[in-house]
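Down below is the structure, laid out as structure tokens.
All of the numbers you see were taken from the coordinates with simple rules; none came from a lab. Computed from a predicted structure; not experimentally measured. Reconstructed Cβ throughout: ideal geometry from the backbone, glycine too, with neighbour counts over all protein chains shown.
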């Protein structure tokens, strides 16, 4: 899996209503400091070093708006007054570093997931739209979708067998935040297909065939097949259809594809809904059904 791009390097514009206040910043720092003290490892020093390395800085600093000069700060001071995107980068780096250290201990992933949950609790209690999902800060546009779908979908595809699907889904989320709606839809489609391919063991199958296999394996009922097919044909395939219409209207040399934000949101959110539904149904299947899947793979 390729190295992720820090939030601070994505060029995402943060609106005033979504900014982090001093209370949130204090709570984040106290959580980082608490975890470091409990383990007696040097997480914060490592974060400090990585911030300098990733951004090409010689010192960790921030702009003092009162005196309008650049001053050197300790990381605690930096967290209290840096721009929001840099605090998000600190959280993402801490997650990665904490995960790498915890890999040496038993039940390590549970501690990392607990850190993830604590960061999200801070954001939720402050009524902020930001969430930490698998080590990446993302913006959630709907409370219901965030609580019931996206977080749970990410939890389900965090397992190693779905690692490709998780990476593709998080890329789709990144592209939505960055306003790259075409790529958001393309990676939503990739993630959806990757989940299906893992379940039906059909790496060379197209989306339609994958849905048919889900029906044959009784993971989705017959009456759901039409919906899954329509979702893929009319939402996840919308980029290629719009591109084809553009080429017809403007000539073969045209590369412009005008994708509205609402369509990208629909693709991402419905992908999360279907991933959640399909994987839960798959996991709920009795062992005899999973044996059938294994037999199919062997054939």
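Worth a mention:
- Summarising the label geometry, the points placed 7 Å from Cα in the beta-carbon direction at residue 208 and residue 14 lie 4.7 nm from one another.
- Compactness ratio for region 1-139: Cα radius of gyration over 2.2 N^0.38 Å (N = residue count) comes to 1.02.
- Using the average count of surrounding beta-carbon atoms within 10 Å as a protection proxy, the listed peptides 198-211, 176-189, 126-139 rank, highest first, as 176-189, 126-139, 198-211.
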